[in-house]
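Note sheet for the following structure.
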Amino acid sequence: MTGRPDGRPEPPLDKAYDPQPVEAKWSARWRAADLFHAEPGAGGKPFVVVIPPPNVTGALHVGHALDNALQDLLIRYQRMQGRPVCWIPGTDHGGIATQSVMEKQLKAEKLTRHALGREKFQARMQAWTKQCKSVILGQLERLGCALDWRREAFTMDEDRADSVFEAFKALWERGLVYRGERMVNWCVRCGTALSDIEVEFEERKGRLWHIHYPAADGSRGPVVATTRPETMLGDTAVAVNPKDARYRDLAGKKLRLPLAGREIPVVADDYVDSDFGTGALKVTPAHDPNDLEIGRRHGLASVTVIAPDGRMTEAAGAAYAGLSREAARDQVVADLQAAGLLEKTQEHPHSVGVCYRCNQPIEPLLSWQWFVRMEELAKPAMLALDSGRFRLYPGSWAKPYRDWLAQIKDWCISRQIWWGHRIPVWYCVGCHGERIKTDFHQVEGARGVLSRRQPESCPVCGGAEFVRDPDVLDTWFSSSLWPFSVFRWPARTPELKFFYPTSLLVTGYEILYLWVARMQMMGLALTGEVPFPEALIHGIVRDKHGKKMSKSLGNVVDPLVMMDKYGTDAFRFSLIVQAYPGKDIPFAESSITGSRNFANKLWNSTRFVLMNLAGTPAAALESVDRGRLELCDRWILDEYQRTLALVRERLNAYEPAAAAEALYRFLWDRFCDWYVELAKIRLQGSEEAARAAARAVLAAVLDGTLRLLHPFMPFITEELHAALAPCMGAAAKPGGFIVETGLPELAADWTDEEARREMGVVMEAVTALRSLRAQLGLPPGLAVRVVAAGGSAAARELLRKRSAYVKALVRAEALSYAEEGVRPPFSATAVAAGMSFFVPLEGLIDFGQERERLRKELVKVEAELAKISAKINNPDFLARAPAAEVELSRSQHDAARQRHDRLKDTLRMLSE
RNA sequence: GCCCAGUUGGCGCAGCGGUAGCGCGUUCCCUUGACAUGGGAAAGGUCAUAGGUUCAAAUCCUAUACUGGGCACCA
């Protein structure tokens with residue numbers, strides 16, 4: 001340590017916290033020490049979390065940062081409580097989302113996946129995945145995540161493929177997967193079917209076209225209303241409600257379908273709402289789920305006019321075939337208008353189902369797909385919820401979760417894309433004919449053989465030529481197995497035995513049904529256990545105006561930029577401190593600034609303590625004689641103890657924001673603003689025993705605060721702990737890394753109501769005097785004399801003993817006492833803690849102003865007094881409120897009364 | 001249409017039965033040996049509206065309005 005020119009020792013830390021080097025250093029050391037690797041079997045019940053695997057679609061966003069900051073917080077917290085922890089890292093192949101990222105890249109190269117072919121496409125996907133994984137894992141490490149890096153998993157690697165096949169097989173054998181022809185949600189852009197939850201509904205501006213359908217005999221027919229005129233080419237009936245008097249004699253008649261020219265019947269069906277539109281409904285069984293039902297009830301034909309690629313088919317007629325559905329709509333409307341059949345057009349906003357990946361309108365299409373029967377799977381999941389074996393935090397999610405399970409529909413799991421687990425079913429060409437090779441999704445009732453590899457021969461016809469189901473599984477299928485596939489289920493590994501079921505899942509509510517519910521169902525169905533007994537469901541990170549972040553809005557915040565600018569700890573803390581249960585987070589940069597400042601405050605309070613420990617290490621708190629501690633020591637220890645309890649309580653209840661806030665306020669408002677300032681009195685004094693006591697308390701409280709803060713801010717606390725430990729002497733806790741030192745615990749009970757009360761008096765007096773100084777505009781450097789008068793004997797005695805506190809904090813050179821009723825001449829007055837404080841200011845004070853100031857003060861106190869008086873004079877209150885409450889109100893009343901009287905007295909004296 | 005959540009100082013949020021708090025912002029003063037990423041002081045709210053329960057309501061109940069969200073949808 002080199003000396004400074006002025007002879008004082010060089011401070012042990014820089015003046016401001018510089019996060020970058022600190023983060024790099026500790027990331028590397030944690031990794032090198034393999035600090036968060038867990039082996040099965042050791043040390044009691046483990047705390048296990050599987051990461052919600054990010055899709056390999058690019059870099060992480062702020063939402064991931066929040067999710068992982070919360071997990072890391074809880075992992076480190078549990079670890080510090082002495083539990084073995086295991087947090088599994090990994091990524092998800094991400095199906096459609098990832099494939100469309102690749103397709104965009106191909107498009108930029110003027111390529112398509114079809115031009116490339118399935119195999120080459122796969123190869124490119126693999127390469128991309130590899131690159132993307134390392135970016136994502138790197139970001140997680142940068143965030144400080146205490147992941148067990150040796151256990152990294154990917155939803156599409158070999159081990160996970162075993163799990164997926166086994167799961168599919170188990171469901172197949174139990175008759176829970178089936179291939180069926182259904183009206184599915186088809187995304188024209190993605191070229192695949194989607195499950196119901198992958199469709200989002202958006203309110204969009206639309207129109208309602210009223211079209212006249214003439215009767216076959218040439219007479220006037222009904223007018224139908226539709227939002228999708230292009231589908232009329234596939235109409236096979238018009239339906240009306242049987243009770244609708246307007247159409248009573250129409251049912252059973254034939255109509256001439258405009259543009260197409262064919263005859264279609266009018267059918268009567270209860271489904272039709274007479275009040276909507278014209279009360280006559282065009283029926284297109286091939287392109288609308290409800291129309292399909294009507295068609296089935298009335299034995300109607302089905303004419304497919306829109307192909308899976310979104311273009312019109314031959315069946316739509318020569319004039320339209322090949323047009324996109326949008327172009328066909330315009331053409332149909334124009335043609336109808338030309339034919340004089342378009343009665344009118346209305347604006348008609350309505351909700352449109354769109355693809356959750358690409359936002360394009362969904363096309364309902366009839367096709368053969370794989371489904372999972374969900375009802376049977378949902379029942380155990382509901383039971384787990386009802387019996388408390390599975391709990392959601394916050395509990396407000398339980399109802400929506402349950403409602404969703406109760407009305408669950410079968411899950412379409414086949415996707416017509418190339419990136420994913422291929423469906424392990426093979427079809428014999430001998431049995432199904434050549435068509436199975438080219439027109440797979442239209443082949444009715446195809447029966448496949450379940451196998452991972454091509455079967456030897458067909459069990460029916462003995463043929464040896466097979467085609468594999470070209471489809472892949474929904475990416476969420478493999479995700480739903482994640483809590484046990486990461487431990488290589490179905491293999492009965494030691495990991496599976498020790499780490500499964502996991503302890504907690506942390507994720508956002510946007511995938512509650514998509515993922516959380518399905519993991520519960522699959523876990524219960526395949527392993528017989530709830531995969532995690534608790535789930536912490538957090539909100540979404542939005543922009544500062546509360547809008548969803550999206551690339552198109554340009555309001556996306558890049559976590560790396562934030563970490564570079566403010567440091568990882570500040571970034572994490574700002575997310576956690578806003579993560580109140582059930583709330584979305586409006587993310588403003590100003591909130592990270594606040595956390596950055598907090599980190600710096602922490603840094604500097606350690607810097608201060610270090611400066612005072614250098615050379616003379618602190619004694620352990622336990623070894624300090626309690627009689628050597630003075631008021632502020634007892635007070636801060638009481639506050640500290642409360643904070644420890646509160647933080648633990650909040651974290652155990654999964655309320656991290658409240659825990660973070662408690663720590664923030666303890667460190668800043670209590671420790672720094674009051675305790676450190678008061679400790680300075682002794683530290684700068686000459687009495688060695690007093691200095692030692694202050695050092696011991698400073699060291700103990702700071703050290704514990706650092707450890708308690710570590711799960712929130714891992715890097716800075718590690719750095720500061722490393723700097724502090726060598727200076728702590730006997731007070732140092734054993735352990736290398738801070739996470740190994742455990743959570744702070746108190747050897748003794750430091751509850752101290754008396755210290756709280758007495759510090760309260762000191763703080764009140766100090767605040768009142770500071771306020772007085774500011775209001776009088778006294779320069780901060782000007783030392784004043786304070787004369788106190790009145791108050792209880794106890795309060796006087798307290799202030800006499802603690803006059804050093806008051807003097808130091810209000811920059812007073814003297815604090816003396818006057819007889820009640822004596823007021824030093826030319827003085828300003830503050831009233832607090834039941835007494836008056838006079839500050840003599842001969843020549844500096846304008847009595848007119850001083851009177852005015854005190855009058856304003858009096859108005860406030862009068863209002864307060866009136867309120868509290870009304871309360872304690874209310875007989876009902878006295879009769880019915882609890883005694884303690886009455887007592888409290890009385891003492892409040894007395895305090896207000898005293899304050900009031902003192903102000904009045906002072907004013908009277910000033911007026912004389 | 002049904003269900004849920006929210007509505008608290010300029011902005012963002014706590015509090016959820018006993019006299020309204022925090023962060024950011026604003027105003028004033030201060031480069032004093034941890035920290036100007038700091039210290040001190042101040043201004044600013046009839047806690048959406050209307051009823052009700054209670055000795056006492058931001059907090060419980062009931063309506064209403066607005067804002068989000070979920071579910072189901074009538075073309």
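The values are calculated or read from the model by the stated rules, or taken from the named source; none is laboratory data. Just so it is clear, the structure is predicted and the values come from calculations on it, not from any experiment. Because the Cβ atoms are built from the backbone with ideal geometry, glycine has one as well, and the counts that use them run over all protein chains shown.
A few remarks follow.
- When we screen A:Gly567, A:Gly582, A:Gly615 for residues that are at pLDDT below 95, touching a Phe, Trp or Tyr at 6+ places or on another chain (Cβ under 9 Å) and farther than 22 Å from A:Val762 by Cβ, the only hit is A:Gly582.
- For the range A:530-544, filtering for residues that are in a loop (DSSP other than H, G, I, E, B) and within 21 Å of A:Ile511 (Cβ to Cβ) leaves 6.
- Scanning the range A:79-104 for residues that are in a loop (DSSP other than H, G, I, E, B) and at negative phi yields a count of 5.
- Flag: A:Ala768 matches the condition of being in contact with a strand residue (DSSP E or B) (Cβ under 7 Å, 6 or more places away or on another chain), in a helix (DSSP H, G or I) and surrounded by fewer than 23 Cβ atoms within 10 Å (Cβ to Cβ).
- The single condition among (1) over 30 Å from A:Arg31 (Cα atoms); (2) surrounded by 16 or more Cβ atoms within 10 Å (Cβ to Cβ); (3) among the hydrophobic types (A, V, I, L, M, F, W, C) that A:Ala161 does not satisfy is (1).
- Hits in the range A:266-304 - residues which are surrounded by 21 or more Cβ atoms within 10 Å (Cβ to Cβ), near RNA strand B (Cβ under 9 Å from one of its atoms) and more than 25 Å from A:Ala245 (Cβ to Cβ): A:Thr284
- All positions within the range A:136-187 that are out of contact with any helix residue (DSSP H, G or I) (no Cβ under 8 Å at 6 or more places or on another chain), outside any helix (DSSP H, G or I) and within 30 Å of A:Phe573 (Cα to Cα): A:Asp148
- Residues in the range A:649-658 that are of a type outside the set (Phe, Trp, Tyr), more than 11 Å from RNA strand B (Cβ to nearest atom) and crowded, with 16+ Cβ neighbours inside 10 Å: 2 in all.
- Hey, A:Ala645 away from RNA strand B (no atom under 15 Å from the Cβ), surrounded by fewer than 17 Cβ atoms within 10 Å (Cβ to Cβ) and closer than 19 Å to A:Ile75 by Cα or not: yes
- Check on A:Ala328, in contact with a helix residue (DSSP H, G or I) (Cβ under 9 Å, 6 or more places away or on another chain) and either closer than 14 Å to A:Thr227 by Cα or free of Cβ contacts under 8 Å to residues at least 40 places away in the same chain (or both): yes
Quick grid of which residues meet (1) over 25 Å from A:Met522 (Cβ atoms); (2) without any contact (Cβ under 8 Å) to a residue 12 or more places away in the chain; (3) of a type outside the set (Val, Ile, Thr); (4) within 16 Å of RNA strand B (Cβ to nearest atom):
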| position | (1), (2), (3), (4) |
| --- | --- |
| A:Gln139 | yes, no, yes, no |
| A:Trp149 | yes, no, yes, no |
| A:Ala161 | no, no, yes, no |
| A:Phe168 | no, no, yes, no |
| A:Glu173 | no, yes, yes, no |
| A:Met183 | yes, no, yes, yes |
| A:Cys190 | no, no, yes, no |
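- If the condition is being assigned to a loop (DSSP other than H, G, I, E, B), over 18 Å from A:Asp269 (Cα atoms) and touching a residue at least 24 places away in the same chain (Cβ under 8 Å), then the range A:288-325 contributes A:Val303, A:Thr304, A:Val305, A:Pro308, A:Asp309, A:Gly310, A:Gly317, A:Ala319, A:Tyr320.
- When the criteria are applied in full, A:Lys801 meets the requirement of being away from RNA strand B (no atom under 16 Å from the Cβ), more than 42 Å from the chain's Cα centre (by Cα) and not β-branched (Val, Ile, Thr).
- Taking the criterion of being more than 12 Å from RNA strand B (Cβ to nearest atom) and either touching a helix residue (DSSP H, G or I) at 6+ places or on another chain (Cβ under 6 Å) or under 15 Å from A:Ile636 (Cα atoms) (or both), the only residue of the range A:667-688 that qualifies is A:Arg682.
- Test: residue in the range A:712-723 that is at pLDDT 95 or above, in a loop (DSSP other than H, G, I, E, B) and under 21 Å from A:Leu70 (Cβ atoms): yes
- Residue in the range A:621-634 that is under 30 Å from A:Gly395 (Cα atoms), without any contact (Cβ under 8 Å) to a residue 60 or more places away in the chain and of a type in the set (Gly, Ala, Ser) present: no
- Breaking point among (1) more than 7 Å from RNA strand B (Cβ to nearest atom); (2) farther than 21 Å from A:Asp67 by Cβ, for A:Ile592: (2)
- Index of the failed condition, A:Val352 passing every other in (1) assigned to a strand (DSSP E or B); (2) within 22 Å of A:Phe477 (Cα to Cα): (2)
- Leading residue by the ranking (surrounded by the fewest Cβ atoms within 10 Å (Cβ to Cβ)) among those in the range A:231-246 that are over 15 Å from A:His298 (Cβ atoms) and more than 11 Å from RNA strand B (Cβ to nearest atom): A:Ala245
Let's see how each residue does on (1) under 17 Å from A:Ala832 (Cβ atoms); (2) of a type outside the set (A, V, I, L, M); (3) at pLDDT below 90; (4) within 11 Å of RNA strand B (Cβ to nearest atom):
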{"site": "A:Val861", "(1), (2), (3), (4)": "yes, no, yes, yes"}
{"site": "A:Pro875", "(1), (2), (3), (4)": "no, yes, no, yes"}
{"site": "A:Glu885", "(1), (2), (3), (4)": "no, yes, no, yes"}
{"site": "A:Asp905", "(1), (2), (3), (4)": "yes, yes, yes, no"}
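- The range A:802-823, residues that are free of Cβ contacts under 8 Å to residues at least 40 places away in the same chain and within 16 Å of A:Val766 (Cβ to Cβ): A:Ser803, A:Lys807, A:Arg811, A:Glu813, A:Ala814, A:Leu815
- If the condition is being at pLDDT 90 or above and within 16 Å of RNA strand B (Cβ to nearest atom), then the range A:836-857 contributes A:Phe837, A:Val839.
- Index of the failed condition, A:Phe499 passing every other in (1) aromatic (Phe, Trp, Tyr); (2) within 18 Å of A:Leu377 (Cα to Cα); (3) touching a Cys at 6+ places or on another chain (Cβ under 6 Å): (2)
- Checklist (1) on the phi < 0 side of the Ramachandran plot; (2) touching a residue at least 40 places away in the same chain (Cβ under 8 Å); (3) touching a Lys or Arg at 6+ places or on another chain (Cβ under 9 Å) applied to A:Lys565, failing item: (2)
- Residue within the range A:370-388 that is at positive phi, more than 16 Å from RNA strand B (Cβ to nearest atom) and either surrounded by 18 or more Cβ atoms within 10 Å (Cβ to Cβ) or not hydroxyl-bearing (Ser, Thr, Tyr) (or both) present: yes
- The listed residues are A:Gly58, A:Gly43, and the only one of them that is surrounded by fewer than 17 Cβ atoms within 10 Å (Cβ to Cβ), in contact (Cβ under 8 Å) with a residue 12 or more places away in the chain, in contact with a Cys (Cβ under 8 Å, 6 or more places away or on another chain) and over 15 Å from A:Asp148 (Cα atoms) turns out to be A:Gly58.
- Failed condition for A:Met562, given (1) more than 9 Å from RNA strand B (Cβ to nearest atom); (2) crowded, with 24+ Cβ neighbours inside 10 Å: (2)
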